[in-house]
Amino acid sequence: MEEKIEQLLNEFPDKIKNAKTLKDCDMLFLELYGKKGHLTLLTREFRNLDKNLLQRIRPKFLSVKNLEIDLNKRKEEIREEGYRKLESEKLDLEEIASPASPDRNDGRRKGHLHPTTIFMQEIVELFKKLGFQQYDAPQIDTDYNNFEVLNIPPEHPARDLWDTLYINSKFEIRNSKLLLRTHTSNSQIHIMREFKPPIRMMVLGRCFRYENLDPRHEHTFDQFELVYIDKGLSMANLQFLSEYFLKHMFGQEIKVRLQPGYYPFTEPSAKILGECIFCKGSGCKICGGVGWLELAGAGMIHPKVLENGGVDPNIYSGIAWGVGPARMAMLKWGIEDIREFLKGDLKFLQKF
Ligand code: FA5
């Protein structure tokens with residue numbers, strides 16, 4: 001016993017001094033005080049020892065016990081060393097700020113919000129005035145919430161309208177695969193489960209599609225969706241909301257039209273189109289030769305979808321409305337290619 005204590009006192013102070021990381025310290029702690037640690041095992045043997053021997057080894061045993069204090073000190077030193085290292089590696093971003101620009105007189109360039117953020121904030125403010133509240137739905141969601149509950153079962157041809165990025169994972173929620181949401185319409189079921197009508201919600205956020213990229217199509221883009229559920233709503237309310245929105249965003253100068261569309265989760269459904277400002281409606285590569293740019297999809301929420309969300313379609317009706325703010329910003333600011341928004345090209349961003 002005495003020899004063992006001597007041996008610990010010889011070995012451990014050096015081991016503690018040489019510990020390089022907090023993990024090393026934790027391992028040493030376990031070696032000494034863990035379930036099968038030296039000190040734990042030694043203490044178990046005490047009850048079989050002669051009293052005189054116990055008295056003799058007591059001071060040395062206490063010294064081993066106090067190694068914990070040295071261990072804690074070493075941990076503190078390691079932390080301090082870490083902070084000092086971090087401090088010396090700190091990158092002073094202010095120092096490497098870009099060269100002087102005319103809009104500031106202290107030699108540093110002033111930043112600003114991204115153009116689509118500015119545009120989207122305007123949209124949110126507009127609908128706040130009509131009593132719509134902002135709601136956040138998940139960007140990674142289940143196939144069920146993004147499709148099935150919206151009347152789009154597996155293998156339904158309407159799935160071709162949304163080129164989907166599935167998450168390659170064995171993890172599923174209630175037997176439903178995970179995906180990157182293709183539209184903010186995944187919010188509809190979340191909203192109906194969480195709130196009772198009357199409901200006035202707006203959802204803003206990233207959507208993802210496995211797209212063939214072109215001047216109108218990005219793989220990552222934002223959508224803005226309204227979910228409005230109340231008694232007695234009709235297409236007239238939808239028309240009013242569309243006009244209210246487009247007039248405020250574009251003024252009177254842009255021509256807008258509502259045309260019949262198809263979405264499995266709305267009935268009737270509509271597409272909202274804005275006249276292409278680049279070709280004035282005659283057709284060009286930006287609008288795909290049709291003279292109009294599709295800005296939004298909308299419609300009266302399908303009774304089956306209301307039922308899926310626990311809302312009685314015999315009492316309530318709903319309007320849903322999903323718009324691509326980047327497409328609208330293209331029209332408003334004359335941007336020819338939607339891909340400009342995410343390129344991070346300063347020359348482009350500084351124009352706003
Ligand atoms: C939808 O995504 C439906 N969820 C919209 C909807 C909501 C219909 C509520 C009915 C009720 P669509 O795939 O057409 O529909 O997209 C809506 C808008 O998102 C388009 O009009 C367009 O402005 C924008 N958008 C769609 N795909 C892209 C893309 N790849 N890049 C940029 N914007 C896109």
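The values are calculated or read from the model by the stated rules, or taken from the named source; none is laboratory data. Note that the structure is a prediction, hence the values are computed from the model and not measured. All Cβ positions, glycine included, derive from the backbone under ideal geometry; neighbour counts span all protein chains shown. Protein only, heavy atoms only, side chains kept; ligands, DNA and RNA dropped before computing areas. Shrake-Rupley method; radii C 1.70, N 1.55, O 1.52, S 1.80 Å.
Descriptive notes on the structure:
- Scalar couplings 3J(HN,Hα) for segment 169-179, obtained by applying the Karplus form with A = 6.51, B = -1.76, C = 1.60 to θ = phi - 60°, are 8, 7, 6, 10, 10, 6, 6, 10, 5, 9, 8 Hz; x denotes Gly and Pro.
- Distance between the C-alpha centres of segment 23-85 and segment 264-343: 69 Å, rounded to the whole angstrom.
- Potential extension, Asn48-His219 segment - 0.36 nm per residue separation minus Cα distance: 54.1 nm
- Global geometry of segment 211-322, whether rounded, prolate or oblate, following the gyration tensor of its Cα atoms and the 1.5 cut on a/c: prolate
- Based on protein heavy atoms only, segment 102-237 ends up with 54 Å² per residue of surface accessible to a 1.4 Å probe.
- Extension gain for Glu3-Ile315 works out to 103.7 nm (0.36 nm per residue, less the C-alpha to C-alpha distance).
- When DSSP beta bridges are restricted to pairs lying wholly in the chain, around 95% turn out antiparallel.
- Taking segment 115-222 and dividing mean pair separation by its residue count, relative contact order in percent (alpha carbons under 8 Å, at least six apart): 31 percent
- Under the simplified labelling scheme, the Glu77-Phe352 pair shows an inter-label distance of 5.4 nm, with each label point 7 Å from Cα along Cα→Cβ.
- Surface composition of segment 204-318: carbon plus sulfur atoms hold 51% of the accessible area, using a 1.4 angstrom probe and ignoring ligands, DNA and RNA.
- Share of carbon and sulfur in the accessible heavy-atom surface of segment 1-69 [1.4 Å probe, %]: 53 percent
- Label-zone membership for segment 68-83, site Thr40, 7 angstrom Cα→C-beta point, backbone N under 11 Å: none
- Three-way shape call for segment 230-287 based on the alpha-carbon gyration tensor, with the a/c threshold at 1.5: oblate
- Solvent exposure of segment 310-352, expressed per residue, is 47 Å² of accessible area, with all protein chains present and a 1.4 angstrom probe.
- Computed packing ranks the peptides 223-230, 3-10 as 223-230, 3-10, most packed first, by mean other Cβ atoms within 10 Å.
- The Cα atoms of segment 2-88 define a convex hull whose projected area, averaged across directions, is 5.8 nm².
- Gyration tensor verdict on segment 115-349 (Cα atoms; rounded if a/c is under 1.5, prolate if a/b is larger than b/c, oblate otherwise): oblate
- For segment 2-88, the solvent-accessible area works out to 74 Å² per residue, with a probe of 1.4 Å and every protein chain left in place.
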